[in-house]
Amino acid sequence: MTLLQLEYFQALAENLHYTKTAEQLHISQPALSYTIRELENELGVKLFTTKNRRVFLTDYARCFLPYVDQILSLVREGSQAVKNMAENAPETVRIGYFHSISTSLIPTLVGSFSSSGKDGDKISFQFTETSSFDVLARLKSGQLDLGFSLHRADWAEAVPIMRQPLYLCVPSGHPLAKKGEVSFPEFAREPQIMMETGSNVRENMDALYAANGITPNIVFEVQECSTALKYVGLGFGVSVLAGIDDIDRNRVAVLPIADRDRRFVRTVYLSYPKKRPLSRAARAVLDYIREQHSPEKFTESRGD
């Protein structure tokens with residue numbers, strides 16, 4: 001016995017007319033007759049009789065009909081309950097970010113969005129902390145909806161969210177380590193541990209070296225600040241990085257940079273694929289972040 005058979009039986013019991021019922025159900029009359037006959041065969045009784053081209057309910061049908069009405073009513077009620085539940089269920093937005101904004105930007109963002117009243121109670125988050133480079137890779141593969149990154153790609157939109165001042169990190173025993181502040185000429189010819197090509201820090205550094213007619217002595221190119229710090233701590237060179245809380249101060253000294261042309265900053269971008277449509281929830285989060293970090297609100301932070 002199927003719901004379809006019960007629905008056809010209920011409709012025919014109401015109309016007591018095969019042609020009218022078939023039209024109402026948008027099926028052919030033979031299909032209706034076949035379905036009713038199959039139901040009768042399963043029950044082992046006749047549900048309808050015909051006399052003078054008029055259709056009548058049998059006693060079996062009159063007994064059966066209240067149960068069918070109750071069954072179909074419960075099914076429709078349950079179906080509507082599930083739809084209501086789905087409509088009000090939290091939608092998940094998958095966001096990726098890199099370590100050095102994990103304790104500053106991300107908690108503040110989530111907290112403010114959740115209390116903003118802009119569907120904050122209907123949207124939940126799934127977070128992935130990984131490297132800045134990997135954030136873009138996961139965005140491209142569809143594993144993330146939105147991602148905070150220091151890198152940009154031609155297939156992704158990149159919305160600037162915040163600027164962070166950069167510092168010079170040197171081995172603790174380096175001659176510059178005791179200075180209160182350094183300038184670019186003082187460290188320009190030191191062995192450099194640089195962020196890889198594609199990051200805005202690297203773009204700024206390349207432009208600065210080119211403007212001063214200097215070829216940098218690059219000993220390592222890395223994807224993440226944490227890797228650069230390890231090489232600095234081992235004495236391989238110096239590196240221009242954002243401030244990071246978990247620096248080993250016994251191995252690495254962090255110095256402010258005298259920056260006249262404001263090149264020693266890095267920009268954090270919120271990125272998303274250009275050609276892949278965002279879900280309603282992801283779009284709501286994106287719009288909120290854009291509103292909070294519009295150009296006139298563009299923030300400058302020390303970072304982590």
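Below is a table of values for the structure above.
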item	result
Qualifying positions in the range 133-151 - part of a helix (DSSP H, G or I) and either touching a Cys at 6+ places or on another chain (Cβ under 9 Å) or not hydroxyl-bearing (Ser, Thr, Tyr) (or both)	Phe133, Asp134, Val135, Leu136, Ala137, Arg138, Leu139, Lys140
Checklist (1) out of contact with any Ser or Thr (no Cβ under 6 Å at 6 or more places or on another chain); (2) on the phi < 0 side of the Ramachandran plot; (3) modelled with pLDDT under 95 applied to Asn217, failing item	(3)
The lone exception for Tyr97 - which of (1) of a type outside the set (Lys, Arg); (2) under 30 Å from Leu139 (Cα atoms); (3) modelled with pLDDT under 90 it fails	(3)
Tally, over the range 184-209, of residues that are among the small types (Gly, Ala, Ser) and either part of a helix (DSSP H, G or I) or open to solvent by 30 Å² or more (accessible area, probe 1.4 Å) (or both)	1
Residue match in the range 105-112 (condition: at pLDDT 90 or above and open to solvent by less than 20 Å² (accessible area, probe 1.4 Å))	no
Every residue from the range 5-41 that is within 51 Å of the chain's Cα centre (by Cα), more than 20 Å from Arg54 (Cβ to Cβ) and open to solvent by 50 Å² or more (accessible area, probe 1.4 Å)	Glu7, His26, Ser28, Tyr34, Glu38
Every residue from the range 147-186 that is small (Gly, Ala, Ser) and either within 27 Å of the chain's Cα centre (by Cα) or closer than 30 Å to Tyr97 by Cα (or both)	Gly147, Ser149, Ala153, Ala156, Ala158, Ser172
Residue tally, condition touching a Gly at 6+ places or on another chain (Cβ under 6 Å), without any contact (Cβ under 8 Å) to a residue 60 or more places away in the chain and under 16 Å from Leu278 (Cβ atoms), over the range 102-152	2
Number of the exception - Leu168 against (1) touching a helix residue (DSSP H, G or I) at 6+ places or on another chain (Cβ under 8 Å); (2) closer than 30 Å to Arg290 by Cβ; (3) in a strand (DSSP E or B)	(2)
First in the range 214-240 and part of a strand (DSSP E or B), second anywhere and of a type in the set (Ser, Thr, Tyr), Cβ under 8 Å, 6 or more apart	Val219/Tyr231; Phe220/Tyr231; Glu221/Thr197; Val222/Tyr231; Ser239/Tyr231; Val240/Tyr167
Identity of the residue in the range 171-183, assigned to a strand (DSSP E or B) and open to solvent by 10 Å² or more (accessible area, probe 1.4 Å), that ends up farthest from Pro216 (Cα to Cα)	Pro171
Enumeration of residues in the range 60-88 that are at pLDDT 90 or above and surrounded by fewer than 10 Cβ atoms within 10 Å (Cβ to Cβ)	Pro66
Of residues in the range 210-237 being more than 36 Å from the chain's Cα centre (by Cα) and small (Gly, Ala, Ser), the one least open to solvent (accessible area, probe 1.4 Å)	Gly237
Any hit, the range 248-266, residues being under 19 Å from Thr92 (Cα atoms) and at pLDDT 85 or above	no
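The values are calculated or read from the model by the stated rules, or taken from the named source; none is laboratory data. Computed from a predicted model, the values in this text were never measured in an experiment. Quick reminder, even Gly has a Cβ in these numbers, built from the backbone with ideal geometry, and neighbours come from all protein chains shown. Quick note on the areas: whole protein, heavy atoms, side chains included, nothing else; ligands and nucleic acids left out. Shrake-Rupley method; radii C 1.70, N 1.55, O 1.52, S 1.80 Å.
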